[in-house]
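Let me begin by presenting the structure, written as structure tokens, before commenting on it.
The values are calculated or read from the model by the stated rules, or taken from the named source; none is laboratory data. Given the structure is predicted, the values throughout are model-derived calculations rather than measurements. Neighbour counts are summed over all protein chains in view; Cβ atoms, including those assigned to glycine, are modelled from backbone coordinates with ideal geometry.
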Amino acid sequence: MRHSIIVEGNTYRTALEKGLKKLGVDPGKARVDVLEEGKMMMGIVLKPYRLMLTVAQDGIEQDTEETRQHLSDWFSLDYREDGVYLTVYLFESEHADNSKVSEIQQFIKRKKVEGINNEAILYAISNTGHPVKIAEAQPELPVDEEIIITVSRDRMKATAVLLPPYGGKALTCEDVMQKLRDMGVIHGIDEEAIVRLLNNKQYGKEEAIAAGTAPQRGKDAVITYHIDTNKNAKPTINSDGTVNYHSLNNIENVKQGQILAVLTPPTDGIPGMTVTGNQMPSVPGRPLALPKGKNTQISDDGLKLLAATDGKAELISGKIHVYSIHEVRSNVDNSTGNIDFIGSVIIHGNILSGFEVKAGGSIEVRGVVEGASLIAERDIILRKGFQGMKKGVIKAGGSVTARFIENGTVFAKEDIVAETLMHSHVVSGGHIRLVGKNALIVGGKVHATLGISALTIGSPMATRTLLEVGISPEVRDEYDSLKEQLAQLEKEMAKVEQILALLSRMESTGQLPIEKKIIQQRAVTTKIEYSVRIPEIRARLNELEETLLESANGKIHGKKTVYPGVIITIGPSSLHVKDTVKYATFMRDEGEIRFVSYEG
């Protein structure tokens, strides 16, 4: 006959001793089966050991290897008549590292053992399996259930670890709430998490019980454009290779009072709060100003930009301008005289030799330009072409588009697009592109900041044709000038801010005389002006820096033929073409001009 009992204990040894006592037998007289392994963390019992002890009828049962192994598991604290004893049990594969020493010390501290001999604790750890007296005899005090609350460094989270009782009282929800109040935790408390923690008794497991409210950043201001801001003169190529200059659709017409743009102001955002009740300020959204330019006005509520006149709306350097369009239904000749207009100009006829047309916007000529001068702040479109007669000049702040350019001078800050370019001096701040069936460059000097492309460059007669790619001296001068202006303005802005700070301190003490008040008002006006001008200069410098980087990689593309007599210059390097080159792209490589298969 066999007799079995099932017992539980915080440790293997505690459960074993309890079972042996109930059976009334000595160690080694009962067989021990482990039904459930116990778990412990930092001296905290997460799960008790559950053992089944069995004795035979004669009361003798052989101790197994498994029993001996579990007898050496972790540690126990025994209160005896002559003192408090610590027994440390470690498996052979384990060693007493600092974490285990700390767990034992924390457990003893929770048990409120007085007069501890720390050297004895270390001795017990180094002499496993032997009870070591660590304190004089004393009653085993009950230990209440305990909670350890930790507030994160940023005060945005509070976590808790529940510690088990040893004969003491269990915690209530109100106990935990009071401890939170004592620690200053008053916001974002999760009472459901606290109740769940206390009910589940998951000792030693960290749980979040309070969370702060993060501040919400305000929304940035938004400008919604009610016009097409990308109206550019771009000719289309027909299926037969011809260029269509009629359907350019490059004018954005607006009526007086029409809404050009709408401003949605920034929001302030929503402040946050830490678990300790401290407010966390929000960051407001970034403001924007309506892009007010020429012939526009801002509505009374300050949220809409309106056209002040009928005309053509364009977005230039971040501002919307409205240009009234001036149309000439005939030729520009003696009947019209020279034209100087703030807006855009459309010429339905020709511009005869010797006349001049200036426009604050764009110029469109539907006839031929013959030895005349055209100057526009934006694009110039010549639906037929430009016969310069060696005296005509075209200058555009934007791009130039023409069917042909012959014996003239053309300057454009942006691209130049044409079908033929013959014996002319042409300078582009962007690309020069020859399009259509001919796509020919022959004779003259052609300079582009970013690149040149054509079907044919030069002629079988070895006509001297100069092609240059790289940054123009004018752009470099503008860049250097703007750098100097920016440095000077920033220096002056710093002085203005110092003056305003000094006057503000005087004003706060009531010691600002009238003459100083006038200086203060002037300084405020100057600061506002500088606050507008400095960002504008920085934006332009960024554009120029991008151009400088792009121009360093400029290329010249000859899709069909590049003839002898052509001189190619890219940056500081030059190449005289002495033999006909087919289907090639020229580039600067290691200080020399080389050509490869066409890449255009």
Check: If you check Ala402 against the conditions, is it more than 30 Å from Asn438 (Cα to Cα), in a strand (DSSP E or B) and either of a type in the set (Gly, Ala, Ser) or not assigned by TED's automatic domain parsing to the domain that holds Arg533 (or both)?
Finding: no
Note to self: What pairs come out if I take residues in the stretch 6-18 that are in contact (Cβ under 8 Å) with a residue 12 or more places away in the chain and under 9 Å from Tyr49 (Cα atoms) and pair them with residues that are buried (at least 20 other Cβ atoms within 10 Å of the Cβ) and of a type in the set (Ser, Thr, Tyr) whose C-beta lies under 7 Å away, six or more apart or interchain?
What the structure shows: Glu8/Tyr49; Gly9/Tyr49; Thr11/Tyr49; Tyr12/Tyr49; Ala15/Tyr49
Next item on the list: Being among the small types (Gly, Ala, Ser) and either farther than 17 Å from Val427 by Cα or modelled with pLDDT of 90 or more (or both) is the filter; apply it to the stretch 460-500 and report the residue that is farthest from the chain's Cα centre (by Cα).
Entry: Ala462
Next item on the list: Within the stretch 440-493, count every residue that is free of Cβ contacts under 8 Å to residues at least 24 places away in the same chain and either part of a strand (DSSP E or B) or not charged (D, E, K, R) (or both).
Entry: 9
Note to self: Being closer than 20 Å to Gly443 by Cβ and touching a residue at least 24 places away in the same chain (Cβ under 8 Å) narrows it down to one residue among Ile534, Ile568, Ile593; which is it?
What the structure shows: Ile568
Next item on the list: Name the one entry in Glu546, Glu529, Glu515 that is more than 39 Å from the chain's Cα centre (by Cα) and either exposed (fewer than 12 other Cβ atoms within 10 Å of the Cβ) or more than 21 Å from Val469 (Cα to Cα) (or both).
Entry: Glu515
Notebook entry, point to check: How many of the residues making up the stretch 419-442 are touching a Lys or Arg at 6+ places or on another chain (Cβ under 7 Å) and not acidic (Asp, Glu)?
Noted result: 2
Check: Does Val393 qualify as being surrounded by 24 or more Cβ atoms within 10 Å (Cβ to Cβ), of a type outside the set (Asp, Glu) and without any contact (Cβ under 8 Å) to a residue 40 or more places away in the chain?
Finding: no
Checklist line | Subset of the stretch 315-329 that is out of contact with any Ser or Thr (no Cβ under 7 Å at 6 or more places or on another chain) and assigned to a loop (DSSP other than H, G, I, E, B) - its residue that is surrounded by the fewest Cβ atoms within 10 Å (Cβ to Cβ) | finding: Arg329
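Residues checked against (1) among the aromatic types (Phe, Trp, Tyr); (2) part of a helix (DSSP H, G or I); (3) in contact with a Leu (Cβ under 7 Å, 6 or more places away or on another chain):
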site	(1), (2), (3)
Asp154	no, no, no
Ala170	no, no, no
Glu174	no, yes, no
Met177	no, yes, no
Arg196	no, yes, no
Asn199	no, yes, no
Tyr203	yes, no, yes
Thr224	no, no, no
Asp228	no, no, no
Checklist line | Hits in the stretch 291-314 (condition: part of a loop (DSSP other than H, G, I, E, B) and either in contact with a Gly (Cβ under 8 Å, 6 or more places away or on another chain) or on the phi > 0 side of the Ramachandran plot (or both)) | finding: Pro291, Lys294, Asn295, Gly302
Margin query: Filter the stretch 42-68 down to the residues that are within 30 Å of Gly204 (Cα to Cα), surrounded by 13 or more Cβ atoms within 10 Å (Cβ to Cβ) and modelled with pLDDT under 70 and list them by number.
Written below: Met42, Gly43, Thr67
Margin query: Could you check the stretch 455-508 and list, in sequence order, the residues that are of a type in the set (Gly, Ala, Ser) and either in contact with a helix residue (DSSP H, G or I) (Cβ under 7 Å, 6 or more places away or on another chain) or more than 30 Å from Asn542 (Cα to Cα) (or both)?
Written below: Gly458, Ser459, Ala462, Gly470, Ala501, Ser504, Ser508
Margin query: For Ile186, only one of the following conditions fails: (1) in contact with a strand residue (DSSP E or B) (Cβ under 8 Å, 6 or more places away or on another chain); (2) at pLDDT 95 or above; (3) hydrophobic (A, V, I, L, M, F, W, C). What is its number?
Written below: (1)
Margin query: Take the residues in the stretch 69-106 that are over 56 Å from the mean Cα position of the chain (by Cα) and polar (S, T, N, Q); name whichever of them is modelled with the highest pLDDT.
Written below: Thr87
Next item on the list: Report yes if some residue within the stretch 275-283 is under 16 Å from Lys219 (Cβ atoms) and of a type in the set (Gly, Ala, Ser); otherwise report no.
Entry: yes
Next item on the list: For residues that are within 24 Å of the chain's Cα centre (by Cα) and of a type outside the set (Gly, Ala, Ser), tally how many sit in the stretch 275-294.
Entry: 7
Note to self: Pairs needed: first member in the stretch 121-134, under 16 Å from Arg13 (Cα atoms); second member anywhere, surrounded by fewer than 20 Cβ atoms within 10 Å (Cβ to Cβ) and of a type in the set (Gly, Ala, Ser); C-beta distance under 6 Å; at least 6 residues apart or different chains.
What the structure shows: Gly129/Ser72; Val132/Ala120
Item checked: Enumeration of residues in the stretch 549-589 that are basic (Lys, Arg) and surrounded by 14 or more Cβ atoms within 10 Å (Cβ to Cβ) -> Lys555, Lys559, Lys560, Arg588
